[in-house]
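The values are calculated or read from the model by the stated rules, or taken from the named source; none is laboratory data. Keep in mind that what you see is a predicted model, and the values were worked out from it rather than measured. So basically every Cβ, Gly included, is an ideal-geometry build from the backbone, and we count neighbours across all protein chains shown. Only protein heavy atoms, including side chains, enter the accessible area calculation; ligands, DNA and RNA are left aside. Shrake-Rupley method; radii C 1.70, N 1.55, O 1.52, S 1.80 Å.
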Amino acid sequence: MKGRYVLMHVWASWCGPCLESMPNLLATVEELSDQPVTFVGLNVDKDAARARELVKRGGWNWSQNYLGDASDVARQLAISSVPTYYLVGPDGLLVASATDWSEIRGKLGELLGGEAR
């Protein structure tokens, strides 16, 4: 993914704010489809089947990874709450992190153009 921004979105099916942000996240994925940005979902549910069903039903067409609730990756990212967003720059360095979608969406708009949703 060299040369691209990568937005990692940590979420869970039991997280109300996570589910509330998904329509805006989906709209942003579609809006920025021609931009150098890749979206990656990181689900921390204990039950991956429930998460997969939500992804299918919601039409969340970006890459999804099912980490589980005891993931080494989640521990390495120091995830203490969901949703959490990490924006990595084309150089592989962290550009921004937040627990609020509007903060990350604003940063994406600043870096790539487009209106914040």
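A few comments on the model shown:
- Restricting attention to the stretch 67-103, the residues that are hydrophobic (A, V, I, L, M, F, W, C), surrounded by fewer than 13 Cβ atoms within 10 Å (Cβ to Cβ) and closer than 15 Å to A12 by Cα add up to 1.
- Those residues of the stretch 43-59 which are more than 18 Å from A70 (Cα to Cα) and of a type outside the set (A, V, I, L, M, F, W, C), in sequence order: E53, K56, R57, G58, G59
- Residue in the stretch 53-70 that is among the β-branched types (V, I, T), farther than 26 Å from G113 by Cβ and not in a loop (DSSP other than H, G, I, E, B) present: yes
- Scan of the stretch 51-62 for residues that are touching a residue at least 24 places away in the same chain (Cβ under 8 Å) and surrounded by 12 or more Cβ atoms within 10 Å (Cβ to Cβ), ordered by number: A51, L54, G58, W60, N61, W62
- Residues that are closer than 17 Å to R4 by Cβ, open to solvent by 30 Å² or more (accessible area, probe 1.4 Å), without any contact (Cβ under 8 Å) to a residue 40 or more places away in the chain and out of contact with any Lys or Arg (no Cβ under 7 Å at 6 or more places or on another chain), drawn from the stretch 31-50: S33, D34
- Search result, residues across the stretch 1-17 that are under 17 Å from Q64 (Cα atoms) and in contact with a strand residue (DSSP E or B) (Cβ under 9 Å, 6 or more places away or on another chain): M1, Y5, V6, L7, M8, H9, V10, W11, A12, S13
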